[in-house]
Amino acid sequence: MAFLDGESLEGLASLVSGDSRNWVCIWPVADSDRWANYQTAKKCARADVANLVSASGPRVVMMPYVAGDGYLTATKPVMGAVDYEWYHGLWAADKLKRISGEGASPVHRLYLAGHSGPGHDTLSRENMDAPFAAHHVMAMATEGDNGHNEYIHAVGRIGPPKCWFTRRARVYGIGCFTAGRWAPDWAVQVMRSGAAVLGTVNYVNAGGLGASHLRMATYPGSRLAEYGPRVYGLGTIDALDWAVFLGTQ
């Protein structure tokens, strides 16, 4: 609650999270008079900081539609219960938008699988079919600027994409060389300070004899070129060879 006229959401965000830029993820309690000069408050105006202090949230698993793609077919058992198979990047972004409520229920873990490469900003099917990239998330958002929000959105617990994730969220790009461009793009465009995006630094082979698994490789499809532990489920996905990119928003 504001004790004085003119107290700002930036000041509250800095107090609660240590980063004034998180003001866009604070939800004012509806009062058109006390929030007439949003983002500053009149005395006794109230706001909800749940998005800034949430230490848990939905765990979301997504990948492109599997049918007819050998790599994705072999990868799917490792992903476990897949929440959504996308046919287009905007569809994937819309699903993420709905699950997170655009900030009302921020995602804590996001696992995305697909084909990628050193210069690719997408996860997709073979031949870059059904690509999904960070820019799709920004395009699908009601508020597509991570540095901005409007009272009419915030009072409905809607924020820009940085608010769709908890402050300690982790996003995994499970595909080949996602550390090249895919992960940095997500870290710079979407994720806020404190969150992390993980990208692989080499090829990722899928399949093998017996139970489906993933394993790092220096050459695609070659069992002789594989290295590191076999990963049979998301519970041990950190065993792959990752680079970590911290959110900048």
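The values are calculated or read from the model by the stated rules, or taken from the named source; none is laboratory data. These figures come from a predicted structure and were not determined experimentally. All Cβ positions, glycine included, derive from the backbone under ideal geometry; neighbour counts span all protein chains shown.
Screening the candidates ASP48, ASP33, ASP83, ASP69 for the property of being buried (at least 18 other Cβ atoms within 10 Å of the Cβ) and either over 21 Å from the mean Cα position of the chain (by Cα) or closer than 26 Å to GLN249 by Cβ (or both) yields one hit, ASP69.
Report whether or not VAL24 is touching a residue at least 60 places away in the same chain (Cβ under 8 Å), under 20 Å from the mean Cα position of the chain (by Cα) and closer than 30 Å to GLY221 by Cα. So VAL24 fails the test.
Among the residues of the range 49-68, the ones that are of a type outside the set (A, V, I, L, M) and in a loop (DSSP other than H, G, I, E, B) come to 6 in all. The conditions of being over 24 Å from ASN205 (Cα atoms), in contact with a His (Cβ under 9 Å, 6 or more places away or on another chain) and either of a type in the set (Asp, Glu) or surrounded by 20 or more Cβ atoms within 10 Å (Cβ to Cβ) (or both) are met by ALA93.
Check the range 37-60 and report whether any residue there is touching a Gly at 6+ places or on another chain (Cβ under 6 Å) and more than 20 Å from LEU214 (Cβ to Cβ). Checked the range 37-60: at least one residue is touching a Gly at 6+ places or on another chain (Cβ under 6 Å) and more than 20 Å from LEU214 (Cβ to Cβ).
Screening TYR111, TYR71 for residues that are in contact (Cβ under 8 Å) with a residue 12 or more places away in the chain, in a helix (DSSP H, G or I), of a type in the set (Phe, Trp, Tyr) and assigned by TED's automatic domain parsing to the domain that holds GLY159 leaves exactly one candidate, TYR71. Quick one: which residue in SER116, SER124, SER100 is surrounded by 19 or more Cβ atoms within 10 Å (Cβ to Cβ), of a type in the set (Ser, Thr, Tyr) and under 11 Å from the mean Cα position of the chain (by Cα)? That would be SER100, the only listed residue that is surrounded by 19 or more Cβ atoms within 10 Å (Cβ to Cβ), of a type in the set (Ser, Thr, Tyr) and under 11 Å from the mean Cα position of the chain (by Cα). Restricted to helices (runs of 4 or more DSSP H) entirely inside the range 127-242, those with at least 2 residues that are surrounded by 17 or more Cβ atoms within 10 Å (Cβ to Cβ) and out of contact with any Ser or Thr (no Cβ under 8 Å at 6 or more places or on another chain) are 134-140, 182-189.
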